[in-house]
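Down below is the structure, laid out as structure tokens.
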Amino acid sequence: MQKKLTVSQLNRYIKGVFEDELILHNLCVEGEVLDIKSVGNAVYIVLKDEDSVLNCVCFNGVVGIEAGMRATLFGRVEFYAKSGKLSFIAKSVSLSGAGLLLAKQRELKERLEKEGIFSNNRQLPRFIKKVALVTSEEGAVLHDFMSVIERLAGHIETKVFSVKVQGSGASEQIMGVMRDITSDFDVIVLARGGGSVLDLSEFNNEGLARAIYQSGVVVISAIGHETDYTLSDFAADIRAGTPSMAAEIISSNNNALLNKFFDLASENGVKMQALLNNKYKQLIRQARIGVDSTQNIVSFVLRRLFHRQIAHNVEANLAKKESLFKVLIAKIEAANPLKLLGDGYSKIAKDSKNINSIKQLKTGDNINIYVTDGQIEAKIEKLTKK
């Protein structure tokens, strides 16, 4: 029958095994310092060889230790039953120069530098419209970057390419994404939120450094580690201390152009206003001159029109008078006795009195008959009434 143990029982048993093994109480362990971090009086060290890593802690303080150095730690192995973790408690630490991993890293850096892999120094486009952010969707990096962009340059479009930024296979995944990003983007930001040397080890990958160098788009490395540089930092065009700083660099780039544009627009506005004012004054002067000239022309035309109207009125009046005069002449001519006489009519008078009725005469009266060219004396022999 299988024996059943609780987690606590098993961990206490393992702890007892470690405590019973005297060889684990006083021993030296040698390796390369992969990472180091101080918290209060404790110095946490990650030792590494070609195949394994070991978490160590020293409470006595360590001087001059750096990642990449070879170190020998003297102490004991301790198993913490509560957390189920094993750690090496170092009483003392001695250093023995650079480690193999650090030497290999330096050799790789020198080789890539000679090849020109670190020669990228392209400037950002004058105005950035689209950013490719290569990072993990987990953690604060995405939020920090986007909050700065939205606050300082909300017009910039950011597309997130989610990748692993730590652990085995992360560099290969980042390389694949880098190759897929097209020239539709103005800049690529490779970002993560810092971490230990071990955490950042994927960004010291030779393949990733080459992929960054070969990118057709400007690359900003924002690994988030202020003091330690990775190969990705060297291969990038621009290095930003943190993802937020990368967002500020991009925003400042655009705002510099926008501010210049607004300054020029303001300057041109002032010049345009002055030009318009001058043109306005010139137009006013020309308008006044034009008004005076127009008034003179109008006055002249009105006078001509007035005189022409008077002449027209006089001519019309004369024509009317002439017409009336002709009518009157016609009437006068029609009433002229001489004209009547000329038509064969004659005038009869008796004792210088005109005779216009037979009743004014009697047989034997002497009368005078007037015609156009003289008069005839006659004596009435017979009267016949109608």
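The values are calculated or read from the model by the stated rules, or taken from the named source; none is laboratory data. For clarity, every value in this text was computed on a predicted model and none was experimentally measured. Here the Cβ is made from the backbone with ideal geometry for all residues, glycine too, and neighbour counts use every protein chain on show.
Among the residues in segment 247-270, are any at pLDDT 85 or above, part of a loop (DSSP other than H, G, I, E, B), β-branched (Val, Ile, Thr) and surrounded by 11 or more Cβ atoms within 10 Å (Cβ to Cβ)?
no
For segment 33-45, state whether one or more residues are within 15 Å of VAL57 (Cα to Cα) and aromatic (Phe, Trp, Tyr).
Within segment 33-45 (the criterion being within 15 Å of VAL57 (Cα to Cα) and aromatic (Phe, Trp, Tyr)), the answer is yes, since at least one residue qualifies.
Select from segment 51-96 the residues that are under 21 Å from GLU21 (Cβ atoms) and of a type in the set (Phe, Trp, Tyr) and write down the one among them that is farthest from the chain's Cα centre (by Cα).
PHE74
Need pairs with beta-carbon distance below 7 Å; first residue in contact (Cβ under 8 Å) with a residue 12 or more places away in the chain and more than 15 Å from GLU157 (Cα to Cα) and within segment 122-144, second of a type in the set (Asp, Glu) and assigned to a loop (DSSP other than H, G, I, E, B); sequence gap 6+ or separate chains.
Pairs that qualify, where the first residue is in contact (Cβ under 8 Å) with a residue 12 or more places away in the chain and more than 15 Å from GLU157 (Cα to Cα) and the partner is of a type in the set (Asp, Glu) and assigned to a loop (DSSP other than H, G, I, E, B), are ARG122/ASP237.
Take the residues in segment 201-241 that are at pLDDT below 90 and hydroxyl-bearing (Ser, Thr, Tyr), then tell me which one is surrounded by the most Cβ atoms within 10 Å (Cβ to Cβ).
Taking the candidates together, the pick is THR230.
Are any of the residues in segment 53-65 of a type in the set (Val, Ile, Thr), under 30 Å from ASN11 (Cβ atoms), assigned by TED's automatic domain parsing to the domain that holds GLU21 and not in a loop (DSSP other than H, G, I, E, B)? So that I can check it myself, show each step before the final result.
Taking segment 53-65 and keeping what is of a type in the set (Val, Ile, Thr), we get 53, 57, 62-63, 65.
From what's left, under 30 Å from ASN11 (Cβ atoms): 53, 57, 62.
Those still in the list that are assigned by TED's automatic domain parsing to the domain that holds GLU21 too: 53, 57, 62.
Subset that is not in a loop (DSSP other than H, G, I, E, B): 53, 57.
The answer is yes, given that some residue of segment 53-65 is of a type in the set (Val, Ile, Thr), under 30 Å from ASN11 (Cβ atoms), assigned by TED's automatic domain parsing to the domain that holds GLU21 and not in a loop (DSSP other than H, G, I, E, B).
If you go through segment 174-195 one residue at a time, how many are among the basic types (Lys, Arg) and part of a loop (DSSP other than H, G, I, E, B)?
Pass one, segment 174-195, residues among the basic types (Lys, Arg): 179, 192.
Narrowing further to those that are part of a loop (DSSP other than H, G, I, E, B): 192.
Of the residues in that region, 1 qualify.
Do we have any residue at all in segment 134-150 that's closer than 18 Å to ALA240 by Cα, modelled with pLDDT of 90 or more and more than 30 Å from the chain's Cα centre (by Cα)?
Within segment 134-150, one or more residues are closer than 18 Å to ALA240 by Cα, modelled with pLDDT of 90 or more and more than 30 Å from the chain's Cα centre (by Cα).
For the subset of segment 147-173 comprising residues that are in contact with a helix residue (DSSP H, G or I) (Cβ under 6 Å, 6 or more places away or on another chain) and part of a helix (DSSP H, G or I), which member is surrounded by the fewest Cβ atoms within 10 Å (Cβ to Cβ)?
So the residue we want is LEU152.
Would you check which residues across segment 15-52 are farther than 19 Å from LYS85 by Cβ and either assigned to a strand (DSSP E or B) or touching a His at 6+ places or on another chain (Cβ under 9 Å) (or both) and list them?
The answer is CYS28, GLU30, GLU32, VAL33, SER38.
Between LEU102, LEU24, which is surrounded by 12 or more Cβ atoms within 10 Å (Cβ to Cβ), out of contact with any helix residue (DSSP H, G or I) (no Cβ under 9 Å at 6 or more places or on another chain) and of a type in the set (A, V, I, L, M)?
Exactly one residue qualifies, and that residue is LEU102.
Going through GLU172, GLU202, GLU206 one at a time, which residue ends up being under 25 Å from GLU107 (Cβ atoms), assigned by TED's automatic domain parsing to the domain that holds SER221, in contact with a Ser or Thr (Cβ under 6 Å, 6 or more places away or on another chain) and not hydrophobic (A, V, I, L, M, F, W, C)? Give the steps one after another, and end with the answer.
Values: GLU172 fails: in contact with a Ser or Thr (Cβ under 6 Å, 6 or more places away or on another chain); GLU206 fails: in contact with a Ser or Thr (Cβ under 6 Å, 6 or more places away or on another chain).
Testing whether each residue is under 25 Å from GLU107 (Cβ atoms), assigned by TED's automatic domain parsing to the domain that holds SER221, in contact with a Ser or Thr (Cβ under 6 Å, 6 or more places away or on another chain) and not hydrophobic (A, V, I, L, M, F, W, C) leaves just GLU202.
What pairs come up if the first residue lies in segment 167-181 and is free of Cβ contacts under 8 Å to residues at least 60 places away in the same chain, the second is small (Gly, Ala, Ser), and their beta carbons are under 7 Å apart, counting only those six or more places apart or on different chains?
Once the first residue is free of Cβ contacts under 8 Å to residues at least 60 places away in the same chain and sits in segment 167-181, its partners that are small (Gly, Ala, Ser) give SER171/GLY207; MET175/GLY207; MET175/ALA211; MET178/ALA211; MET178/SER215; ARG179/ALA211; ILE181/ALA132.
Restricting to segment 146-200, what's the tally of residues that are touching a Pro at 6+ places or on another chain (Cβ under 9 Å) and hydrophobic (A, V, I, L, M, F, W, C)? Let's see the steps before the verdict.
Of the residues in segment 146-200, the ones touching a Pro at 6+ places or on another chain (Cβ under 9 Å) are 148, 186-187, 189, 191-193.
Filter once more, keeping what is hydrophobic (A, V, I, L, M, F, W, C): 148, 187, 189, 191.
Matching residues across segment 146-200 total 4.
Provide a single number: the residues in segment 82-99 that are surrounded by 18 or more Cβ atoms within 10 Å (Cβ to Cβ) and over 22 Å from SER52 (Cα atoms).
Step one: filter segment 82-99 for residues surrounded by 18 or more Cβ atoms within 10 Å (Cβ to Cβ), giving 88, 90, 93, 99.
Still in the running and over 22 Å from SER52 (Cα atoms): none.
Qualifying residue count, segment 82-99: 0.
Out of curiosity, is LEU102 assigned to a helix (DSSP H, G or I) and within 21 Å of ILE181 (Cβ to Cβ)?
no
Determine which single condition ARG111 fails, assuming it passes every other condition in (1) within 16 Å of THR230 (Cα to Cα); (2) free of Cβ contacts under 8 Å to residues at least 24 places away in the same chain; (3) in a loop (DSSP other than H, G, I, E, B).
(3)
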